[in-house]
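Novice: Below are the structure tokens for one structure; questions will follow.
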């Protein structure tokens, strides 16, 4: 049994990104946003075609007694996230005040969009939330969004607060998170050493 999951999606997303970086940044950002916001329009399409499973719907692309291959992470939404994430990296070339304003506004807007769209309960996720006798279970139903593939609402629910978190730690890294700076610098140090070894 072979599961095509995180590394599969990351690898292909970076391969596609190597093509997308050749187009203007604004166009790449728009393409990524369209993938993120629009891929749920395809949810009603039911197909056992392996290409469709690779792009949008988790399914077996090979299933026999000898070997099975199951797509866990379809590529379409994750390529969109990667493209938008690459574009977001450019924000860190801005001055601190402009960057912080953007991160806060974008994070709050994404989080608000999640609450509004989820409340409407029409678009953005294959599973609709339902009222339960318990407030806790109603809240859990509201938050229970699809990750395989990641729905628009799942991405808004996770990336919105992540942007707010980036805004919160932008000026100064909290003491508790400072060890992460060391781990983050290690790959950069190794990259520098590798680069110098080729010179």
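Novice: Among [x] 10, 39, 39, 12, 0; [y] 8, 25, 33, 24, 9, 1, 0; [z] 9, 37, 35, 17, 2, 0, which one is P(r) over Cα pairs in 10 Å bins from 0, in percent computed from these coordinates?
Specialist: [y]
Novice: Cut-off is 10 Å between beta-carbons; in what order do 19, 91 appear when sorted fewest neighbours first? Mind showing how you got there, number by number?
Specialist: On the way: 19 9, 91 15.
Arranged by neighbour count, lowest to highest, 19, 91 become 19, 91.
Novice: A further question follows. Spin-label point model (7 Å from Cα, Cβ direction): what's the residue 3 to residue 112 distance in nm?
Specialist: Label at residue 3, label at residue 112, 3.8 nm between them.
Novice: Just the number, please: percent antiparallel of the DSSP beta bridges in the chain, rounded to the nearest 5. All intermediate terms of the calculation are to be shown ahead of the outcome.
Specialist: Numbers: 5 of 8 bridges.
Close to 60 percent.
Novice: When the chain is fully extended, how far beyond the present Cα-Cα distance does residue 47 get from residue 15, taking 0.36 nm per residue of separation?
Specialist: On the way: separation 32, 0.36 × 32 = 11.52 nm, distance 2.53 nm.
Using 0.36 nm per residue and subtracting the Cα-Cα distance, I get 9.0 nm.
Novice: Quick one: order 153, 159, 104 by neighbouring beta-carbon count within 10 Å, fewest to most. Show your work: numbers first, answer last.
Specialist: Numbers: 153 25, 159 21, 104 16.
Lowest to highest Cβ neighbour count: 104, 159, 153.
Novice: Computed over the Cα atoms of the stretch 1-92, what is the ratio Rg over Rh, Rh following Kirkwood?
Specialist: Numbers: Rg = 14.7 Å, Rh = 14.0 Å.
Checking Rg against Rh, the ratio lands at 1.04.
Novice: Sticking with this one: Using a Gaussian network model of the chain with C-alpha springs under 10 Å, which one of 89, 124, 38 is most mobile by mean-square fluctuation?
Specialist: So, out of 89, 124, 38, the one fluctuating most is 89.
Novice: Say each of residue 136 and residue 99 gets a label point 7 Å from the Cα, pointing the same way as Cα to Cβ; how far apart are those two points in nm?
Specialist: It works out to 4.2 nm between the two label points.
FYI, it's all coordinate maths here, none of it is from the lab. Computed from a prediction, not measured in an experiment: that's the story for all the values here. Note that each Cβ is placed from the backbone with ideal geometry, even for glycine, and that neighbours are counted across all protein chains shown.
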